[in-house]
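The values are calculated or read from the model by the stated rules, or taken from the named source; none is laboratory data. As the structure is a prediction and not an experimental result, all values here were calculated from the model. Heads up, the Cβs are rebuilt from the backbone with ideal geometry, glycines too, and the neighbour counts pull from every protein chain shown. Side chains included, ligands, DNA and RNA excluded: accessible areas come from the protein's heavy atoms. Shrake-Rupley method; radii C 1.70, N 1.55, O 1.52, S 1.80 Å.
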Amino acid sequence: MVIGTDTTYLGNEIPGLQGQKVRIFAVLHGGTRPDADPDADDYYADTDEKLARLGGVTAEDRIDAAPIRPDGTTSFVHVDPRAIDLECFAHLRNPSAQ
């Protein structure tokens, strides 16, 4: 399961978020690629079933996530970190190290 997962942001691309917990709402398939098309049917995977059909999370993906507040709720503000900047996908940085 990916959608709904809580994880930690490890990157430095989003100021002030490093080390904070975030909740995953969707995967932006190929979101780091210069030719990414946000209007494509296969871009926004908001269910685990759709994500599985797209081949799962890759190092080229961005993640639709929201910071988790101390009370466990999420912010209405969403961020789109690179998948590799989240603790649960950090292994995608160097797949041969698995």
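What the table shows:
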| quantity | calculated |
| --- | --- |
| Carbon/sulfur fraction of accessible area - the range 5-92, other protein chains in place, 1.4 Å, % | 50 percent |
| D37-Q20 pseudo-label distance in nm [points 7 Å out on the Cα-to-Cβ vector] | 3.3 nm |
| Model label zone, R93; criterion: amide N under 19 Å from point 7 Å along Cα-to-beta-carbon; scope the range 50-71 | 57-63 |
| Accessible area per residue in Å² at 1.4 Å probe, computed on the chain | 58 Å² |
| Around L10: net Lys/Arg minus Asp/Glu count, Cβ-Cβ under 9 Å | -2 |
| Value of [θ]222 nm, deg cm²/dmol, for the chain, DSSP H segments ≥ 4, -39500 (n - 2.57) each, nearest 500 | -1500 deg cm²/dmol |
| Order by protection proxy (mean Cβ within 10 Å, highest first), peptides 20-30, 2-12 | 20-30, 2-12 |
| Candidates per chymotrypsin sites (Phe, Trp or Tyr not before Pro) in the range 30-88, loop by DSSP, up to 10 other Cβ within 10 Å | F76 |
| Placed amide H near R62: partners under 5 Å, 5+ positions off or other chain | L28, G30, G31, T32, A83 |
| Gaussian network model of the chain, Cα within-10 Å springs - most flexible of D71, D41, D80 | D71 |
| Cα gyration tensor shape of the range 5-92, rounded if a/c is under 1.5, else prolate or oblate by comparing a/b with b/c | prolate |
| Simple label model, 7 Å out from Cα along Cβ direction - T8 to D71, nm | 2.5 nm |
